[in-house]
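Just so you know, all these numbers are worked out from the coordinates, no wet-lab data involved. Note that the structure is predicted; figures quoted are calculated from it, not measured. FYI the Cβ positions are ideal-geometry reconstructions off the backbone, even for glycines, and counts take in every protein chain you see.
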Amino acid sequence: MTAANVHDVTVMLAVLAACPLPGYGGPGRPPARLLGDRGYDSQGHEEIVRWMGVEPAIAPQRTAHGSGLGKERYVVERTIAAVHQNRRLKVRYERRADIHQAFLTLACIKVCSYRLLDR
């Protein structure tokens, strides 16, 4: 977790390095692709992501919208919006990170169960 005023690209590599868990790309393998918006478009970061064995699918800066990534990113945005429907996560009341993480985990379990039971 980082502060709200920290740009996402500063922790992108740390998050990607923490991803090789069972369920992402298989046991002990990183995910196959990394989807990102224009804020992640940096030649240095893309080279490091490729070196890690992940294909970056990042929208280029200063181009018109409609690059095609929105269809795939919509799933992520919708899931984040569903997690933030929980009041304790929308407005952070907890000072301790472990309690906030526990409520975040419960919200993710709730979202996953709703999606699985909806089928």
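At-a-glance table
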item: Distance between modelled label sites at residue 64 and residue 7, nm, 7 Å Cα→Cβ extension; result: 2.7 nm
item: Distant-in-sequence amide H partners of residue 57 (H built 1.01 Å from N, under 5 Å); result: 34, 35, 36
item: Peptides 106-115, 90-99 ordered by average Cβ neighbours within 10 Å, highest first; result: 106-115, 90-99
item: Efficiency of FRET between residue 100 and residue 51 - r from beta-carbon atoms, R0 41 angstrom, step 0.05; result: 0.80
item: Linear extension gain, residue 81 paired with residue 42, 0.36 nm per residue minus alpha-carbon span; result: 11.4 nm
